[in-house]
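To start, the structure under review is shown below, and the notes come after it.
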């Protein structure tokens, strides 16, 4: 994979220092933590004013989850979610491999803000390079001055742990991550209770994505306005976009939040493969939605993409060229979800399986009008029927494809 990175916030200059603690502290590290150590009570307000969102896909305001945890008492946990297992999404592994001290400092500042004493780095076991880099960085971190200074000033003893996930896609769901950390199979839990009040071993638990936490040291070090000014329009900060598919220069691009899709695709990605034209872009990985060439001007931020009946999600952008069958592509993604279902909820297990079967039948020219009608009906009855959002993701990408490419589905039917 060809990776191109801009000189922005998360990946530069942080990535230049790699896993070396002294280099990180000499370059950009420690400044945010120093300020957090002196005045932790302002951190939640800073994150709120900066409008930092959950960058693992939800776009949920980060401060809201922090505030809920801070109000809880007793032993608390932070799970840094690096399970990242969705096709087309590969940003977190780069941050872990190349910028582990940035992530550790962000998690530590978060712990100070919320009174958390246990930090668990919950990582996909296939990220062997990332696990190795983070483990080495933690060894350096734990022998540094910071743990002692934090104990002395705030009486907070922070325990750090690297915990490989189960490797299942569903293990990235926040309550499934809690189950996995407790040593169980990652079955998502029914909510409520929510993790903020009942998480790891019954203790209040905060779950934040790798990219989200990696922003924290820079916000605290440089200030709210600095962060807000990194975005374009009403968007704030930067976003790591994962560009893949039928493009000349796929890779990881950190750009201002709100960068137009056209700039990512045709500027940094250098356009479609030779002789190919854009047909569609799957946004936020396969669990999200589709944009078409008419949307090429859309600013890539949560609100602007949502206004186009789509979703930014993780920031993954999978480009598909003319000549590629949308039905077959959607069948591939829905098949991924069918295989990834944990089986706990019958509606999810059987629903995703049935969608996969119907899509394969239509995609191979064996489908009938009744099959298409069944797909449309499943899109209506399945959302919200599972404990987690897996079935919703499968329905979302299918429903989006039906909205934009219904004619392609109908043309593929045997009795059309």
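The values are calculated or read from the model by the stated rules, or taken from the named source; none is laboratory data. The model shown is predicted, which means the values in this text are computed figures rather than measured ones. Because the Cβ atoms are built from the backbone with ideal geometry, glycine has one as well, and the counts that use them run over all protein chains shown.
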So residue 198, is it in the same structural domain as residue 108 (by TED's automatic domain parsing), part of a loop (DSSP other than H, G, I, E, B) and in contact with a strand residue (DSSP E or B) (Cβ under 9 Å, 6 or more places away or on another chain): yes
Residue match in region 135-157 (condition: touching a helix residue (DSSP H, G or I) at 6+ places or on another chain (Cβ under 7 Å), assigned to a loop (DSSP other than H, G, I, E, B), more than 23 Å from residue 244 (Cα to Cα) and without any contact (Cβ under 8 Å) to a residue 60 or more places away in the chain): yes
Selection count, region 278-311, where residues are in contact with a strand residue (DSSP E or B) (Cβ under 9 Å, 6 or more places away or on another chain) and either in a helix (DSSP H, G or I) or farther than 25 Å from residue 61 by Cβ (or both): 14
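Any idea which of 178, 116, 120 is part of a loop (DSSP other than H, G, I, E, B), within 21 Å of residue 74 (Cα to Cα) and touching a strand residue (DSSP E or B) at 6+ places or on another chain (Cβ under 9 Å)?
116
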Members of region 305-361 found to be in contact with a helix residue (DSSP H, G or I) (Cβ under 9 Å, 6 or more places away or on another chain) and at positive phi, listed by number: 309, 313, 315, 343
Residue within region 248-262 that is closer than 17 Å to residue 89 by Cα, touching a residue at least 40 places away in the same chain (Cβ under 8 Å) and in contact with a helix residue (DSSP H, G or I) (Cβ under 6 Å, 6 or more places away or on another chain) present: yes
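Residue-wise test of (1) part of a helix (DSSP H, G or I); (2) in contact with a strand residue (DSSP E or B) (Cβ under 8 Å, 6 or more places away or on another chain).
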| residue | (1), (2) |
| --- | --- |
| 319 | no, yes |
| 339 | yes, no |
| 365 | no, no |
| 375 | yes, no |
Where residue 192 falls short, out of the listed (1) part of a loop (DSSP other than H, G, I, E, B); (2) buried (at least 23 other Cβ atoms within 10 Å of the Cβ): (2)
Whichever residue in region 232-277 is over 29 Å from residue 49 (Cα atoms) and assigned to a strand (DSSP E or B) and, among such residues, is nearest to the chain's Cα centre (by Cα): 243
Number of the condition not met by residue 207 [criteria: (1) part of a helix (DSSP H, G or I); (2) closer than 27 Å to residue 257 by Cβ; (3) under 23 Å from the mean Cα position of the chain (by Cα)]: (1)
Contacts under 6 angstrom Cβ, first residue in region 20-44 being farther than 25 Å from residue 66 by Cβ, partner surrounded by fewer than 20 Cβ atoms within 10 Å (Cβ to Cβ), 6 or more apart: 21/140; 27/13
